[in-house]
Amino acid sequence: MNPRFLTPDRKSPAVLAATLVVSLSALLAGCSSPREGSLDEFARWHDKAKAQAQAGALMWSEFYKQSFDRLTALPPSMQQDTRLENTVLLLSTARKYESSEITALQFNTERENIETQLEARLR
């Protein structure tokens, strides 16, 4: 047995504390960064896909279904929960519109209201 390992090193608490601070900082940075990056990536996809839906190249219900699928794949966060809640409402509204239960005007009005509420909640 090596006696060096049995003798306490006077610098150990300071070194240990510094190592702990650096490790914790790295861990916290690692935890927040992917979440923010994932939400940014989702936002970029969302903007492009929404433009396709507005142009008629993508059905609104498909857009909201894809949004839901992408959101559920993200790391959990309050922002993700808020977006999921609104996406479910928007998906339901889109399906009503596509099945002719509501008019295009009603759909657009409801969609704008839900999206405005979402933006307010995310601030």
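No value in this document is a laboratory result; all are computed from the given coordinates. Keep in mind that this is a model prediction, so the values were computed, not measured. All Cβ positions, glycine included, derive from the backbone under ideal geometry; neighbour counts span all protein chains shown.
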**OP:** Multiply the residue gap between GLN54 and GLU112 by 0.36 nm, knock off their C-alpha separation, and tell me the result in nm, one decimal place.
**Re:** 19.6 nm
**OP:** Starting from the Cα of VAL88, step 7 Å along the direction of its Cβ; do the same at ALA104; then give the gap between the two resulting points in nm.
**Re:** 3.1 nm
**OP:** Just the Kirkwood number for the stretch 44-123, please: inverse of mean 1/r across all distinct Cα pairs, in Å, one decimal.
**Re:** 12.9 Å
